[in-house]
Amino acid sequence: MNRNYRILISHSSVYKMAGWGRIYPLASGLAKHGHSVTILTTNRDYSISIRKYYENNIKIIVFPEVVPYRISKLGFGLLSLILKIFYAVSNNFDIVQSDNGHRPLGGIPCRINKRIFKSIYVAEWYDWYGRGGQYDSKKRIFKFLLGWYELYSEIADKKFADGIVVLSEVLRKRALNIKPKDRVIKIHGGADVTSIPFTKDNSVIKKKHGLSDTILTLGYITSDSYNMVEFSPIIDAIQLYNYKREIRILIFGDSSSIEQQLTPAQKDYFIFMGWIDYSKDFEKLQMVDAFFLYKDVTLGNRAGWPNCLGDYLACGRCVVLNPVGEPEEFVKKFPFAFYITTRNSMEISIALKGIIDDFSNVVQYRSEIRMIAENHISWDSKSIQLSNFYNYLSENKF
């Protein structure tokens, strides 16, 4: 029997930043199906005032913060954490959920609410955060000051939770060392088909934003612009060959660090779009002819799911990629939507030439690619999966 729950989602980072592209559309889907959803998050900038928004039947509370953004975006805060705890102590919820519960801003309010009100705690496990995963790539200062907490809390938080949501088979197997099979569910990242309308022919949009429709635009959405390993394959491929069309790389998201790492010649290929709100600036995404997704083969990448992949498909655009981990089987189901290569620049250049030479067919497939997003991986379908998981946990409490 389906129930309507009072749901609290504690966002581990700052408002509309890391993880927001998953949290907000998932929360919208839950609200659409009758649940009362509240999101707690943190202001990106220094502030002392609490802001409240109501969007798509979701209550969003943005708490102020006094610690620097470079710390709060990692899920460690002071003022916002205190206010989140006070809110969790003062409000009774049926379900509490954290996106990254091992970080204080994500998990502590949920664990407190569970203790006080016996709410059901659902912890999401995005990535392999400990040794062998993200921890190994962290800076020394992070490891020295916060690493001990990261290593301890990643597992402790999941043990305390009633249920765990994972993004990959790698993490599912890891979670089964902590919880019974029926308390672990795999829910991939979805596609925001609500905020991203579909436009098949983008030539007019490109001209509107100052780009010739003869330019091949390659798009990428990122929150980790310092990681050149994700850009270097496509840069090398572009420089390798004299293509029939000019090529530009459109970067959406944080670009502050990558600009400093590019040579002057490489910068000529890039257009930095900055952070965009899908619901307002979706047209900018439609400027892209094809997206790319190049991941290094690491434990962390095999354990996660690239959330942006769903949004690429929501745009109706093909994706040039080397599938790592969980996407490997997914891309096999829909081969017409993907140009599969390795990270080898010669292979990528062949794929780019194929897109240019067969561009009319690339455009024709856009409608079918959009249908993948709508019928198979929309956030609405993901929210139904999650809602069913809530029902099971509610009916089968520890």
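The values are calculated or read from the model by the stated rules, or taken from the named source; none is laboratory data. Bear in mind the structure is a predicted one, so any value in this text is a computation, not a measurement. Positions of Cβ are backbone-derived with ideal geometry, glycine not excepted, and every protein chain shown enters the neighbour counts. Heavy atoms of the whole protein, side chains included, go into the accessibility calculation; ligands, DNA and RNA do not. Shrake-Rupley method; radii C 1.70, N 1.55, O 1.52, S 1.80 Å.
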What net charge do the residues around residue 353 carry, taking every other residue with its C-beta under 13 Å from that of residue 353, with Lys and Arg at +1 and Asp and Glu at -1? -1
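Figure the gain on full extension for residue 265 and residue 280 (residue separation times 0.36 nm, minus the Cα-Cα span) and round it to one decimal in nm.
2.2 nm
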Helix 345-357: angle to the longest alpha-carbon principal axis of the chain, degrees 0 to 90, nearest 10? 70
Taking springs between alpha-carbon atoms closer than 10 angstrom, which of 214, 199, 341 fluctuates most in the Gaussian network model of the chain? 214
Whole-Hz Karplus ³J(HN,Hα) for the stretch 319-335, in order, using 6.51 cos²θ - 1.76 cosθ + 1.60 and θ = phi - 60°, x for Gly and Pro? 10, 8, 7, 10, x, 10, x, 4, x, 4, 6, 4, 5, 5, 6, 10, x
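For the stretch 170-219, with every protein chain kept in place, what is the accessible area per residue (1.4 Å probe, Å²)? Mind dumping the intermediate values first?
Working: 2310 Å² over 50 residues.
Spelled out: the 1.4 Å probe surface of the stretch 170-219, per residue, equals 46 Å².
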Counting Lys and Arg as +1 and Asp and Glu as -1, what is the net charge of the other residues whose Cβ lies under 11 Å from the Cβ of residue 243? +1
Among 52/158; 16/118; 52/200, the pairs whose Cα-Cα distance exceeds 31 Å are 52/200
Would you pull out the residues with amide H under 5 Å of residue 186's amide H, same chain only if 5 or more places away, H placed 1.01 Å from N? 166
Once the Cα gyration tensor of the stretch 153-252 is found, what semi-axes does its equivalent ellipsoid get, as square roots of 5 times the eigenvalues, in whole Å, sorted largest first? 41, 19, 11
Report the one residue of 93, 119, 69 whose Cα lies farthest in the direction of the positive end of the charge dipole of the stretch 30-121 (charges on C-beta: Lys and Arg +1, Asp and Glu -1; origin at the Cα centre). 119
Debye equation applied to the C-alpha atoms of the chain, log10 I(q)/I(0) at 0.06 Å⁻¹: -0.24
Highest GNM mean-square fluctuation among 117, 144, 270, for the chain with Cα springs under 10 Å, belongs to 144
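Using a 1.4 angstrom probe on heavy atoms only, work out the carbon and sulfur share of the accessible area of the chain in %. Before the final figure, lay out each step's value.
On the way: 9050 of 17150 Å².
Reported share for carbon and sulfur atoms: 53 percent.
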Suppose each label sits 7 Å from its Cα in the direction of the beta carbon; what would the residue 395-residue 69 distance come out to in nanometres? 4.6
The size of the Cβ-based charge dipole (Lys, Arg +1; Asp, Glu -1) of the chain about the Cα centre, to the nearest 20 debye, is 1220
Output ³J(HN,Hα) for the stretch 238-245: one whole-Hz value per residue in order, computed from phi by the Karplus curve 6.51 cos²θ - 1.76 cosθ + 1.60 with θ = phi - 60°, and x for Gly and Pro. 5, 6, 6, 9, 8, 7, 5, 10
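Over the chain, calculate the relative contact order: mean separation of alpha carbon pairs under 8 Å at least 6 apart, over the residue count, as a percent.
Reported as a whole number, the value is 16 percent.
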Distance in nm between residue 240 and residue 358 label points, each 7 Å along Cα→Cβ, equals 1.8
Quantify how much of the Cα-Cα distance distribution of the stretch 313-398 extends past 15 Å, in percent. 67
Rg/Rh for the stretch 190-297, where both radii come from Cα atoms and Rh is the Kirkwood radius: 0.95
Only Cα pairs within less than 10 Å get springs; with that Gaussian network setup on the chain, which residue of 206, 16, 173 has the largest fluctuation? 173
Tell me the angle of helix 20-32 to the major Cα principal axis of the chain, expressed in degrees between 0 and 90 and rounded to the nearest ten. 60
Surrounding net charge for residue 63, when Lys and Arg each add one and Asp and Glu each subtract one, Cβ distance under 11 Å: +2
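Rounded to the nearest whole Å², what accessible area per residue is found for the stretch 24-67 with the 1.4 Å probe? Don't jump to the answer; show the numbers that get you there.
Numbers: 2030 Å² over 44 residues.
In whole numbers, the stretch 24-67 has 46 Å² accessible per residue.
Given a cut-off of 24 Å, name the pairs among 186/397; 59/295; 206/280; 181/382; 139/267; 138/280 whose C-alpha atoms lie farther apart than that in the structure shown.
Details: 186/397 20 Å; 59/295 35 Å; 206/280 17 Å; 181/382 19 Å; 139/267 26 Å; 138/280 34 Å.
The pairs that break the limit, which is 24 Å between Cα atoms, are 59/295; 139/267; 138/280.
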